[in-house]
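Engineer: Just dropping this structure here.
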Amino acid sequence: MSEPDRMKYRILGEDQQSDEEKIAKYTGEVAWSYLKPHCERGVLIWVDPELDLKTVAKAFIDDQSEQVANWLGNGDLVKTGELHAAQWEGGDELFTAVVVTPFVLMQQLGG
């Protein structure tokens with residue numbers, strides 16, 4: 001894929017750390033209140049608990065579009081919407097999330 005055609009997914013931080021180090025650094029536990037604005041903007045992606053969140057983040061960064069498309073097609077990745085938001089609104093669930101600009105990838109803790 002030519003450089004202009006590539007998606008520019010990246011992890012936050014413009015330092016000398018490897019992508020894996022940045023993913024580890026910018027992955028953390030958050031409440032729904034942190035994720036809700038990202039859901040409202042249409043950039044929040046739920047990651048099936050069977051997948052490793054950091055592996056999925058790395059696939060985005062490395063522009064593994066075929067793998068990402070497969071996960072989306074299989075329902076292993078789901079762009080969240082109003083029904084998801086309604087399920088989590090007012091709850092006390094915690095999530096693991098990582099920002100891979102422009103998306104936020106998330107998994108619910110405990111499955």
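Engineer: Using 19 Å as the Cα-Cα cut-off, could you pick out the over-long pairs in 22/79; 36/79; 25/54?
Structural biologist: On the way: 22/79 23 Å; 36/79 13 Å; 25/54 11 Å.
Beyond 19 Å between Cα atoms: 22/79.
Engineer: Whose amide H sits under 5 Å from the amide H of residue 94, counting only residues 5 or more places off or on another chain, with H placed in the peptide plane?
Structural biologist: For residue 94, the qualifying residues are 109.
Engineer: I would also like to ask the following. Which longest uninterrupted range of the chain lacks any trypsin sites (Lys or Arg not before Pro) assigned by DSSP to a loop state (not H, G, I, E or B) and surrounded by at most 16 other Cβ atoms within 10 Å?
Structural biologist: On the way: sites that count: 6, 8, 41.
In the chain, the maximal stretch lacking such sites is 42-111.
Engineer: Taking N as the number of residues in the chain, what is its alpha-carbon radius of gyration divided by 2.2 N^0.38 Å? Walk me through the intermediate numbers first.
Structural biologist: Values: Rg = 13.9 Å, N = 111, 2.2 N^0.38 = 13.2 Å.
Ratio of Cα Rg to 2.2 N^0.38 Å: 1.05.
Engineer: Along the Cα→Cβ direction, 7 angstrom out, place labels at residue 70 and residue 82. What is the inter-label distance in nm?
Structural biologist: For residue 70 paired with residue 82, the spin-label model returns 3.5 nm.
Engineer: Roll a 1.4 Å probe over the protein chains and send me the accessible area per residue for the chain in Å².
Structural biologist: On the way: 6570 Å² over 111 residues.
Result: 59 Å² per residue.
The values are calculated or read from the model by the stated rules, or taken from the named source; none is laboratory data. Note that the structure is predicted; figures quoted are calculated from it, not measured. Every residue, glycine among them, receives a Cβ derived from its backbone with ideal geometry; neighbour counts consider all protein chains shown. SASA here: full protein model, heavy atoms, side chains in, ligands and nucleic acids out. Shrake-Rupley method; radii C 1.70, N 1.55, O 1.52, S 1.80 Å.
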